Number of protein chains: 2
Amino acid sequence: METPAKKDAPAHPRKSRKGATPTVRDVARLAGVAPMSVSRALNNPDSVSPEILQRVREVVDRVGYVPNLLAGGLASKKSRMVAAVVPTISGSVFLEMVQALTDGLAARGYQLMLGQAGYENSREDALLEAIIGRRPDGVVLTGIMRSEQGRRRLLASGIPVVETWDLTDSPIDMLVGFSHEQIGKAVAEYLHGRGRRKIAAISADDERAVRRNRQFADTVLTLQPGLGTDRKAVPTCVVPAPTSLGSGRTGLRELLARDPGIDAVFCSSDMMAQGVLLEALALGIEVPGQLAVVGLGDLAFSRDLHPPLTTVRIDGTAIGSIAASLIIDRAEGRPVEAPVRDVGFVIVERGSS
Amino acid sequence: METPAKKDAPAHPRKSRKGATPTVRDVARLAGVAPMSVSRALNNPDSVSPEILQRVREVVDRVGYVPNLLAGGLASKKSRMVAAVVPTISGSVFLEMVQALTDGLAARGYQLMLGQAGYENSREDALLEAIIGRRPDGVVLTGIMRSEQGRRRLLASGIPVVETWDLTDSPIDMLVGFSHEQIGKAVAEYLHGRGRRKIAAISADDERAVRRNRQFADTVLTLQPGLGTDRKAVPTCVVPAPTSLGSGRTGLRELLARDPGIDAVFCSSDMMAQGVLLEALALGIEVPGQLAVVGLGDLAFSRDLHPPLTTVRIDGTAIGSIAASLIIDRAEGRPVEAPVRDVGFVIVERGSS
DNA sequence: TTGAAAGCGCTAACAG
DNA sequence: CTGTTAGCGCTTTCAA
């Protein structure tokens, strides 16, 4: 009567109600071990005897036990989830990165939570709260966090953060990116070096593209002192993000209307560059003869275009997998060697320039 | 000495250690109310007096309290997370759907967990375990779940499931999709109706594309009895998923090598159709004069191609938002009117055919 | 309305 | 190596 601690036939204490999902206790009871041993058998097989391991596994398979990771996360303070925030998923520029991130995380037992912030960071705040509330083991931000409020909340939460796709002197925590300014400069120098003297740009209106383009224009002005010092001397068409093939087509028309002599266009995305290529074809403008076209991103299709597109290659896959391993290292308490990485970029010269 | 239940100055019981994230108890103490009242003030403001509401909100803002949703989920058995499984994110065909899904969920306070199954469903099993373990309020599958093992686990878990992007007579639970067979049939009839008599296809090798194409070929054979009854009479080039612009280019070359007289190609993606367009241009084949091209997906760029691409429009946005609302309705205990929806498809006729 | 008690299902930290 | 004891931070349930 005292202790109903019989293992085989408990009086009738909280019998596992039929249909309910089994818990560690159910498994423990059926395997004749303590719940803690079940936990150990599952999370750290080496720490239990072969007999227990085997009995536990047998029961787990038989009853179809799937550990509740919410409970585990609450107890261990490790959720094994990582949140990623992208401006928008349908820009496709970030896909490689998201793919590498998911893969890298999945391989180590982590799951990805995806959030879209939009380009106008209005939703950013609610999103941040939804993320922090789930106590992820890490957050990957596409672009750097601009709002001071957001930076503070993230910092206060103590969650490891990787900012990506940009560089800054004052990262919240870790950083994997490249310099948009340097891209602007490099492309301007490249086009100038190829003899182009009527250089133009079609750029998205998001903050990174704007900075990139400012440097692009400034570099052109430096290289061609005759143009003066006003950036407006470098014809630029600004289109709303996310960019599209269509915005490339209209962008080129607009530029030509402003200045028919343009001989080079730097586009802030490959998709847009493709639109420029297409529009040039439709207008009978020869590429690269009359017009050089440079894109950004080096998406999968770019090398197969006609002519193959010269573009700035950004290694989204590298960014994603480095971000994944930085977060995992940090989450598992390993020291992180280099928390700030510049993955750089390469101008891939192809037929369009 | 008995009960240290003084509100203002507790003896020294678990003082909120500096730097630790605040919990309901901290907020409750500072606001001079019970933890439960904090919970109510946050989740159901109407159920609490204005004074308490205000005091709680003040403290929440002041200390930057963000509720731990893992703990909340454990206690309430509602995680407010939905898992989505896509074959791969970089096919871009599913992006619209994922975007609509994220948006629809975020608007109601739900978060998306994204998993990539790969096209070879080898990882599918581990992924399923990772998902079920997190006790999401719903799972959205891209394509129907083929493995019997997987279906059983999902069913046993009791989690609401929405299968998408396909139709089946025996859904696990809910379903939002369209018929790949009907698409195959419709496109074959469309091309035949436009007078094409040497109809070919370039298709991915995934299961849905295969079924679609089988019906496509069979319909062509029915419409042109002279071809016999062997599907091989309809030239088909099978390429590995995910498809790309490059596979469209090589696919067309391969088809022409087999039969130079081909006058129509049905491609299993818009990206691939674009490759065909490009290759035709390079080879001097006139589209649509000599060759009609039809894609699948109606991606954003398709209307801007040259010529604009005729394609099968699939409303990924609709699929995503319907899936979101089905899951949310189910999660919140509302009756689900029509758990199986055929969103259909439309052949959008443009310049390429 | 508000509060107190009792867990949700798991694992950290100790003992044995 | 194995078990016991306490929670993790929240919400359900019931009583006041």
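Might you check whether a residue that is away from chain B (no Cβ under 14 Å), over 24 Å from A:T317 (Cα atoms) and among the aliphatic types (A, V, I, L, M) occurs anywhere in the range A:180-188? There is at least one residue in the range A:180-188 that is away from chain B (no Cβ under 14 Å), over 24 Å from A:T317 (Cα atoms) and among the aliphatic types (A, V, I, L, M). Taking the criterion of being touching a Leu at 6+ places or on another chain (Cβ under 9 Å), within 9 Å of another protein chain (Cβ to nearest Cβ) and either basic (K, R) or not in a helix (DSSP H, G or I) (or both), the only residue of the range A:86-97 that qualifies is A:S92. Taken over the range A:313-322, the criterion of being in contact with an Asp or Glu (Cβ under 6 Å, 6 or more places away or on another chain) and away from chain B (no Cβ under 14 Å) is satisfied by A:R313 alone. Residues in the range A:61-85 that are surrounded by fewer than 20 Cβ atoms within 10 Å (Cβ to Cβ) and of a type in the set (A, V, I, L, M): A:V63, A:A71, A:L74, A:A75.
Table: residues versus (1) within 23 Å of the chain's Cα centre (by Cα); (2) away from chain A (no Cβ under 11 Å).
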| position | (1), (2) |
| --- | --- |
| B:L291 | no, yes |
| B:S302 | yes, no |
| B:T311 | yes, yes |
| B:A324 | yes, yes |
| B:V336 | yes, yes |
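Please return the ranges of strands (runs of 3 or more DSSP E) entirely within the range B:289-353 where 2 or more residues are in contact with a Ser or Thr (Cβ under 8 Å, 6 or more places away or on another chain).
Details: elements: B:292-297, B:310-313, B:340-342, B:346-348.
Of the strands (runs of 3 or more DSSP E) lying wholly inside the range B:289-353, those with at least 2 residues that are in contact with a Ser or Thr (Cβ under 8 Å, 6 or more places away or on another chain) span B:292-297, B:310-313, B:346-348.
Report yes if A:G91 is touching a helix residue (DSSP H, G or I) at 6+ places or on another chain (Cβ under 9 Å), small (G, A, S), farther than 30 Å from A:M271 by Cβ and at pLDDT below 95, otherwise no. So A:G91 fails the test. Scanning the range A:102-123 for residues that are among the acidic types (D, E) and within 16 Å of A:T142 (Cβ to Cβ) yields a single hit, A:E120. Restricting to the range B:53-78, name every residue that is within 12 Å of DNA strand C (Cβ to nearest atom) and in a loop (DSSP other than H, G, I, E, B). B:N68, B:K77, B:K78 - these are the residues of the range B:53-78 that are within 12 Å of DNA strand C (Cβ to nearest atom) and in a loop (DSSP other than H, G, I, E, B).
Every test in (1) more than 14 Å from chain A (Cβ to nearest Cβ); (2) part of a loop (DSSP other than H, G, I, E, B) is passed by B:V265 save one, and that test is (2). The lone criterion from (1) at pLDDT 95 or above; (2) outside any helix (DSSP H, G or I); (3) within 11 Å of another protein chain (Cβ to nearest Cβ) left unmet by B:G118 is number (1).
Sub-6 Å Cβ pairs linking a first residue in the range B:69-85 that is more than 7 Å from chain A (Cβ to nearest Cβ) and closer than 16 Å to A:A75 by Cα to a second residue that is modelled with pLDDT under 95 and outside any helix (DSSP H, G or I), at least 6 apart or interchain, number zero.
Out of the residues in the range A:35-48 that are of a type outside the set (D, E) and more than 11 Å from DNA strand C (Cβ to nearest atom), which is nearest to B:P136 (Cα to Cα)? The selected residue is A:P45. Based on this model, can you work out whether B:G109 counts as part of a loop (DSSP other than H, G, I, E, B) and surrounded by fewer than 22 Cβ atoms within 10 Å (Cβ to Cβ)? When the stated conditions are applied, B:G109 passes them. Residues that are surrounded by 18 or more Cβ atoms within 10 Å (Cβ to Cβ), more than 30 Å from A:K78 (Cβ to Cβ) and without any contact (Cβ under 8 Å) to a residue 40 or more places away in the chain within the range A:159-180 comprise just one, A:H180.
Scanning the range B:134-153 for residues that are crowded, with 21+ Cβ neighbours inside 10 Å and within 9 Å of another protein chain (Cβ to nearest Cβ) returns B:R134, B:R135. Taking the conditions (1) modelled with pLDDT under 95; (2) over 43 Å from the mean Cα position of the chain (by Cα) in turn, B:G19 satisfies each one other than (2). The set of residues in the range A:40-56 that are without any contact (Cβ under 8 Å) to a residue 24 or more places away in the chain and closer than 19 Å to A:G109 by Cα comprises A:R40, A:A41, A:N43, A:N44, A:P45, A:D46. Just one residue in the set A:A156, A:A126, A:A100 is within 14 Å of another protein chain (Cβ to nearest Cβ), surrounded by fewer than 19 Cβ atoms within 10 Å (Cβ to Cβ) and touching a Gly at 6+ places or on another chain (Cβ under 7 Å); that residue is A:A156. Residues of the range A:38-58 that are under 18 Å from A:P22 (Cβ atoms) and either outside the structural domain of A:A28 (by the TED database) or near DNA strand D (Cβ under 6 Å from one of its atoms) (or both): A:I52 alone.
The values are calculated or read from the model by the stated rules, or taken from the named source; none is laboratory data. Fair warning: this is a prediction, and the values are worked out from it, not measured in the lab. For neighbour counting, all protein chains shown are included, and Cβ atoms are generated from backbone atoms with ideal geometry for every residue, glycine included.
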